[in-house]
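One structure is given here, and the rest of the page talks about it.
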Amino acid sequence: MFISILTLSFLLVACGGGDSEEGTGGTEEDTGTEDTGSDNTEGESSGEAASGDFEEAEWGFVTEELDGEVQYEYAEEFANRISEKTGGAITVTPYEYGALGSEVDQAQLLQQGGMQLAIMSPGFTGGQVPDGQIFSLHYFFPADPAQTQEVLTNSEALNTDLRAKYEEHSITPLAYWTEGATAWTSNVGIETPSDFEGLNVRVQESPLMRESFGAYGATVQSITWGELYTALDRETVDAQENPIFFINSASFHEVQDTLTISNHNNYVAMTTVNTEWYNGLPDNEKQLIDETVAEMQDWIFEEQERQNEEGLEAIKADTENPTEIIELTEEQIQAFREVAEPVHEQFRNGELTEGVDPAIYDKLKEEIAEITGAE
Ligand code: 6CS
C-alpha cells in the first residue's frame with residue numbers, strides 16, 4: 001500500500017498543474033498569510049475578492065464520501081466556484097472515496113503532496129494529531145448543529161492553535177464544519193449507557209474513541225467505512241455512529257434494527273490543503289482559496305441540513321428495512337452525560353492519550369461557553 005501511495009503521489013503531483021514546483025518550496029515565512037479563522041465570521045469573505053491573472057493549473061480534491069454525499073458535494077461546489085472566479089484557468093478535480101484507498105491512505109496522500117486539497121475527518125489522524133481528537137468527545141460541543149457550526153467557524157482555539165498542530169504534519173485545516181448530528185445504530189436499541197455493554201462499536205482511528213465508548217462498557221474496532229456494511233451484516237461489529245444522511249446513503253440501517261438520536265456530538269469535517277503546497281502559492285491564489293472556503297461555511301451548513309432531513313425521511317419510509325428510531329429524552333441524555341463528562345477532563349489532562357495541549361482544550365471550552373451561554 002505504501003508503495004502504491006508513493007506511486008500515486010508521484011502521478012498526481014506530476015499532473016498537479018503549473019504550481020507544483022512552487023508548491024514544494026513553501027517555508028515558514030509564508031505562515032503569516034491570512035487564514036480563515038476568527039476574522040471570517042458567519043462565512044463572510046475576509047476582504048477584497050481575489051483578483052489578477054491566474055496561471056493554468058489543476059488541483060486535486062479528495063473526499064471521504066461518494067458523489068451526492070455532503071463531502072463530495074462540497075468539493076464539487078468548490079470546484080465550480082474556483083473555475084468561475086478564475087475564468088476556467090484553475091480546474092479543481094474532486095475524487096470520491098474508494099479510488100485512492102482508505103481515509104487513512106487519503107490523508108497520507110495529502111501529507112505527501114500527492115493531492116492538493118482534501119476533506120478530512122479528524123478521527124483518521126487522531127494518532128498523529130492528538131488534539132484533533134477533541135471532536136470525538138461526547139457531550140462537549142453544543143448539541144445544536146447551528147451552534148456547533150458557529151464555534152467551528154469562529155473558534156481561535158481551532159482555527160489558529162489546532163491548525164498549527166496539524167501544520168506540523170503538512171496538513172493545513174482552512175475550515176472546520178459539521179456534517180450534522182451523529183447518531184448511534186445497533187440491533188439492541190441504545191437508550192442507556194449500559195446498553196453498550198458487550199457491544200463492539202466501529203470507530204475511526206482515534207484512540208480517544210476507544211475511551212469514549214469504553215466508558216459505557218463497549219469495545220471498539222477501527223475499520224474503513226467501506227467495510228462497515230459487511231461487518232454489521234456479519235455481526236463482527238455490533239454498532240456504529242454517523243450522521244443520519246450517511247447512515248441512509250451507506251444503507252447501514254438495512255443491517256441495523258435501531259437508530260438512536262443521542263445528540264452526543266456533531267460530525268466534524270475539515271477542508272484541508274497540503275501545507276507546503278499552499279504556502280508556496282502566489283498571494284492571489286491563497287486569497288482565492290481562503291475567500292471561497294469562508295463563503296462556503298453557510299452553503300455547506302444548509303447542504304448537510306437538507307441531506308440529513310431527507311435521510312431521516314428516507315429511513316422512515318424504507319418499510320422493507322424497518323428501523324426503530326429512538327429519540328433520547330433529556331433524562332436519558334443526562335445519564336450518558338454523567339458517564340461521558342469525566343472523560344473530557346481525562347483527555348484534557350493527557351491521561352487517555354499522550355501529547356494533548358490542555359491550553360487548546362481550555363480555550364475551546366471557554367469559546368463554547370460564550371456561544372451556549374453556559375457557566
Ligand atoms: O464513518 C466514516 O468513516 C465516514 N463518515 C462520514 C460521515 N464521512 C466520511 C467518513 O469516512
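Things to note:
- Unique match (being surrounded by 23 or more Cβ atoms within 10 Å (Cβ to Cβ) and under 26 Å from residue 225 (Cα atoms)) among 107, 157: 107
- Test: residue in region 106-119 that is closer than 20 Å to residue 170 by Cβ, within 16 Å of the ligand (Cβ to nearest atom), within 16 Å of the chain's Cα centre (by Cα) and in a loop (DSSP other than H, G, I, E, B): no
- Scope region 56-98; condition within 14 Å of the ligand (Cβ to nearest atom), out of contact with any Asp or Glu (no Cβ under 6 Å at 6 or more places or on another chain) and free of Cβ contacts under 8 Å to residues at least 60 places away in the same chain; matching residues: 62, 63, 75, 95
- Of all residues in region 303-324, exactly one satisfies the criterion of being in a loop (DSSP other than H, G, I, E, B) and closer than 18 Å to residue 262 by Cβ, namely 323.
- Which listed residue is among the basic types (Lys, Arg) and within 26 Å of residue 249 (Cβ to Cβ), from 202, 210: 202
- Every residue from region 250-276 that is on the phi > 0 side of the Ramachandran plot and either in a strand (DSSP E or B) or among the hydroxyl-bearing types (Ser, Thr, Tyr) (or both): 251
- Looking across region 250-279 at every residue that is crowded, with 19+ Cβ neighbours inside 10 Å, within 14 Å of the ligand (Cβ to nearest atom) and among the polar types (S, T, N, Q), the one that is nearest to the chain's Cα centre (by Cα) is identified as 271.
- Leading residue by the ranking (modelled with the lowest pLDDT) among those in region 28-86 that are surrounded by 18 or more Cβ atoms within 10 Å (Cβ to Cβ) and of a type in the set (A, V, I, L, M): 50
- None of 164, 146, 157 is without any contact (Cβ under 8 Å) to a residue 40 or more places away in the chain and part of a helix (DSSP H, G or I) except 164.
The values are calculated or read from the model by the stated rules, or taken from the named source; none is laboratory data. Just so we're clear, the structure is a prediction, and the values are computed from it rather than from any experiment. All Cβ positions, even for glycine, are placed from backbone atoms using ideal geometry, and neighbour counts span all protein chains on display.
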